[in-house]
Ligand code: ADP
Ligand code: ADP
Ligand code: ZN
């Protein structure tokens, strides 16, 4: 395992999950993703209610719940790609108390493209592999190439919830992007083009 500590920032649908998979394979890193961890615990009772109540509405799950997920995952990781966290300034401040980062990559994709990417996203119910009905279709419609599992649409990938998630992103997470920009640690990468093209750009940043 190598010890890169990479933060991948970007709006919902920018390709963070897609690129994280490539990065963890290429550099042998842990993938730390609050979204997947929360989806696996959607019905967990917390003093704030269940994560699913927030996720299905497109709102942020309360900080104490996500901070706990991240701190536990960081304890077990040498190198990592952090994806989907921090999503507000409070989480960014908490993170800075827990670990240093080598690089912060911001995946830049325009708004209307994000809506298309998210509403066409399909994920495997069994292994979590991600597809897109137009941009990255499976060989057989509705069936995972990797494991034969069933492809489903996430409950929050419907148009109304997508628009709310983009609003929440602009309100809460854009200030996080500005925070890292001001610190001088942010590298912007053009997130348009094929996933392979985007990955080549990220690799240049990490190895440059
Ligand atoms: P995020 O984790 O940032 O929300 P995902 O990696 O899940 O984003 O990608 C969102 C959707 O867009 C998925 O359906 C994925 O297949 C598709 N996608 C990812 N990267 C690209 C790309 N470079 N061009 C077109 N579609 C993409
Ligand atoms: P996306 O593919 O849109 O980037 P994620 O899978 O990262 O989505 O997140 C899905 C949902 O999980 C979010 O809309 C939010 O409700 C919740 N979530 C994920 N990460 C966080 C976080 N760091 N803070 C608060 N809520 C989070
Ligand atoms: Zn699968």
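The values are calculated or read from the model by the stated rules, or taken from the named source; none is laboratory data. Values in this document were obtained by computation on a predicted structure and should not be read as measured data. We place every Cβ from the backbone using ideal geometry, glycine too, and count neighbours over all the protein chains shown.
Overview of values
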read-out	value
Residue count, segment 1-52 (criterion: more than 18 Å from residue 68 (Cα to Cα), surrounded by fewer than 17 Cβ atoms within 10 Å (Cβ to Cβ) and modelled with pLDDT of 95 or more)	3
Residues (more than 21 Å from residue 162 (Cβ to Cβ) and touching a strand residue (DSSP E or B) at 6+ places or on another chain (Cβ under 7 Å)) located in segment 31-63	31, 32
Breaking point among (1) surrounded by 16 or more Cβ atoms within 10 Å (Cβ to Cβ); (2) touching a strand residue (DSSP E or B) at 6+ places or on another chain (Cβ under 6 Å); (3) part of a helix (DSSP H, G or I), for residue 205	(1)
Flag if residue 99 is away from ligand 3 (no atom under 14 Å from the Cβ) and in contact with a helix residue (DSSP H, G or I) (Cβ under 6 Å, 6 or more places away or on another chain)	yes
Residue list for segment 9-22, filter: within 11 Å of residue 198 (Cβ to Cβ), away from ligand 3 (no atom under 16 Å from the Cβ) and not in a loop (DSSP other than H, G, I, E, B)	16, 19, 22
Counted residues, segment 118-160 - those being within 13 Å of ligand 1 (Cβ to nearest atom) and under 27 Å from residue 86 (Cα atoms)	17
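Residue-by-condition table, conditions (1) free of Cβ contacts under 8 Å to residues at least 12 places away in the same chain; (2) more than 13 Å from ligand 2 (Cβ to nearest atom); (3) more than 21 Å from residue 51 (Cα to Cα); (4) touching a strand residue (DSSP E or B) at 6+ places or on another chain (Cβ under 9 Å):
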{"residue": "125", "(1), (2), (3), (4)": "no, yes, no, yes"}
{"residue": "130", "(1), (2), (3), (4)": "no, no, yes, yes"}
{"residue": "138", "(1), (2), (3), (4)": "no, yes, yes, yes"}
{"residue": "143", "(1), (2), (3), (4)": "yes, yes, yes, yes"}
{"residue": "156", "(1), (2), (3), (4)": "no, no, no, no"}
{"residue": "163", "(1), (2), (3), (4)": "no, no, no, no"}
{"residue": "168", "(1), (2), (3), (4)": "no, no, no, no"}
{"residue": "171", "(1), (2), (3), (4)": "yes, no, no, no"}
{"residue": "184", "(1), (2), (3), (4)": "yes, yes, yes, no"}
